[in-house]
Every structure is written in structure tokens, then in C-alpha cells.
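Take a look at the structure set out below.
The values are calculated or read from the model by the stated rules, or taken from the named source; none is laboratory data. Everything numeric in this text was worked out from a predicted model, so none of it was measured.
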Amino acid sequence: MKKTEVSCILLITLIVFIKDSLLSEATFASNPVLDTTGKMIRVGSDYMVVPVRKDLGGDIGLAFIGTQVCPLGIGPRLNNDPGLSINFFPVNSKKDHMITNGGVKGNPGRDTISNWFKIVKYGVGYKFVFCPSVCNYCDVICKNVGVFVQNNGQALLALSNEPLEVRFKKV
């Protein structure tokens, strides 16, 4: 399989992960996730994911990859168009929280393992980590969600050793 095909498959997978079903295991009581104003993230409210590094671009949204095989990916926007908003909904109101934009709620297992991410405090913001612990019998690779910068300067989200530091801006 060619390197570009593998990259395209990874980017399509990340689009599905982040746009359609981004889930988190952030613990509400001990480490609440805060928005850009310092307020706790509210269930059902819309938030934009904003990179802390401004040189990467604006809000996270659909990004042009420039190929016919895989025309769109997910990354910081290079223009002022709004990115993709996400919502927080509790999976278990006593323990876990989930971030989703139309994803499958609950039912952790082999069919939804690619939907689960953790939000971890990182620097002045947070990072997304793909290391789902929701399925005891699933074999997963743990990686940060970071950035891959294309030749045209467009940054795209990808699994990486170096995380992308983000904050959540209420819409």
C-alpha cells in the first residue's frame, strides 16, 4: 500500500473519530475540563476546539488535503471559517463524560473502540489521547492526537508522539 493511501486512510479515520464520534473519559468530579473562559464544560453546549499554537491556524474543522482520493481531512482552519463544534454528554453521570458530534453513545466494544478518546490536561490547555480503556478485550495502540503539516502548509490531525495542545471555546 502506498504511503499516500495509508495517510489518506488515517485521515479519513480521524475525520470519523473527531467529527462523528469523539468520545472522552475525562473524569468530571476530580479534573473538570474547562473552556477558554475558565468555566466547566457544560453538557449539551457547543464548543469549538481551538489550537493553543496560533501559527497552526484557527478552529479545528474540515481541511483541504488536496488529493482526489481523499479531498478533506480534519485540522486547524487556514481561513476564518468556523470549525466543527462538539458537544459534551455524560456516558455515566457519576463517572465518565463523552464528547460527540453525532457519534454512538455508550456501548463500548470492538465496534465503537475507534470512537473513544481521552482528554488530558496538557500545558495551558488539553490534549486528545487515543488510548481507549473502555474495552478490556480490545487491542489498541495508544498515541496522542497531534499534527502533520503538509507541503502546502495545511496542518492535519493525526496520531503522533507530539500532542496538539487545544482549548475549548464555547459557541
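Please list, ordered by residue number, the strands (runs of 3 or more DSSP E) wholly in the range 93-171 having 2 or more residues that are at pLDDT below 75 and hydrophobic (A, V, I, L, M, F, W, C). It comes to 97-100. Is it the case, given these coordinates, that residue 79 is of a type outside the set (D, E, K, R), more than 16 Å from the chain's Cα centre (by Cα) and at pLDDT below 75? Against the criterion (of a type outside the set (D, E, K, R), more than 16 Å from the chain's Cα centre (by Cα) and at pLDDT below 75), residue 79 qualifies.
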